[in-house]
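The next block holds one structure in the form of structure tokens; read it before the comments.
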Amino acid sequence: MVAVAVSALLTVTACGPAAETRAGRESLFALADLAAQRVQVADAVAAAKWGTDAPIDDPVREQAVLRSAATKSARLAIDPATSIQIFTDQIEANKTVQYALYSYWNTHPDQVPSRRPDLGRIRPILDQITDRLLTQLKTTQHVRAGRDCGTQLAAARQQVKLARALDSLHDNALGQALESVCHVKATTPRPGPPTTTHAASSTGEPARNNKDHK
């Protein structure tokens with residue numbers, strides 16, 4: 001497992017707008033590409049939190065993201081429950097990457113990033129991705145409700161995987177992030193993100209937040 005360079009992740013959104021202009025031809029590509037950006041930024045989030053008291057699971061932050069997404073969805077005429085379900089998947093996918101990297105760094109301390117990113121700089125990037133994802137959810141409402149959504153989404157995911165050279169960790173997380181895009185059900189918004197099973201370490205043991213490593 002090789003983590004994406006942290007410095008590159010801080011500018012990962014630079015190619016986003018160009019991808020989004022292709023939405024007319026490749027309807028779900030832009031949405032899948034933004035989801036991929038989010039799981040890649042998880043590398044920088046993990047590097048920022050590693051060896052600190054900042055937990056991977058951050059219910060307060062997660063609830064703030066979900067509330068904001070629901071509010072903005074209502075303004076865009078997107079079902080807020082749909083957005084909450086999709087963004088819950090996005091959050092859990094991000095944490096899957098973080099837990100997997102923690103597990104890897106525990107067993108390969110020489111691979112821990114030498115520089116700690118500023119979490120205060122990373123979160124605005126995630127917020128920007130959230131806003132652009134909402135735009136794509138609005139743009140793709142008809143496609144996502146269609147019978148061919150699953151086929152189109154699978155093709156878009158494969159294109160994104162190749163374009164961004166995603167490794168298995170990030171590709172699997174991307175699949176998790178896109179899980180509800182085509183088959184969400186209109187339900188009452190949930191009060192909080194669900195519990196998830198996080199990535200296991202290479203030894204088969206569940207990854208843990210190790211705060212003792214500096």
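The selection criterion, being within 18 Å of Q128 (Cβ to Cβ) and among the polar types (S, T, N, Q), does not hold for Q98. Where the second residue is surrounded by 11 or more Cβ atoms within 10 Å (Cβ to Cβ) and the first is on the phi > 0 side of the Ramachandran plot and lies in the stretch 109-127, which pairs have Cβ atoms under 6 Å and are six or more apart or on separate chains? Filtered contacts from the stretch 109-127: no entries.
D57 satisfies every condition listed in (1) at pLDDT 95 or above; (2) more than 17 Å from the chain's Cα centre (by Cα); (3) not aromatic (F, W, Y) except (2).
Residues satisfying the criterion are absent from the stretch 85-103 (criterion: modelled with pLDDT under 95, out of contact with any Gly (no Cβ under 7 Å at 6 or more places or on another chain), of a type in the set (D, E) and outside any loop (DSSP other than H, G, I, E, B)). Taking (1) closer than 18 Å to R123 by Cα; (2) modelled with pLDDT of 95 or more; (3) surrounded by fewer than 18 Cβ atoms within 10 Å (Cβ to Cβ); (4) among the charged types (D, E, K, R) in turn, K49 satisfies each apart from (3).
This table checks each residue for (1) out of contact with any His (no Cβ under 8 Å at 6 or more places or on another chain); (2) closer than 21 Å to I78 by Cα; (3) basic (K, R); (4) not in a loop (DSSP other than H, G, I, E, B).
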{"site": "R116", "(1), (2), (3), (4)": "yes, no, yes, no"}
{"site": "R121", "(1), (2), (3), (4)": "yes, no, yes, yes"}
{"site": "P124", "(1), (2), (3), (4)": "yes, no, no, yes"}
{"site": "Q128", "(1), (2), (3), (4)": "yes, yes, no, yes"}
{"site": "D131", "(1), (2), (3), (4)": "yes, yes, no, yes"}
{"site": "K138", "(1), (2), (3), (4)": "yes, yes, yes, yes"}
{"site": "T151", "(1), (2), (3), (4)": "yes, no, no, yes"}
{"site": "H170", "(1), (2), (3), (4)": "yes, no, no, yes"}
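The values are calculated or read from the model by the stated rules, or taken from the named source; none is laboratory data. For clarity, every value in this text was computed on a predicted model and none was experimentally measured. We place every Cβ from the backbone using ideal geometry, glycine too, and count neighbours over all the protein chains shown.
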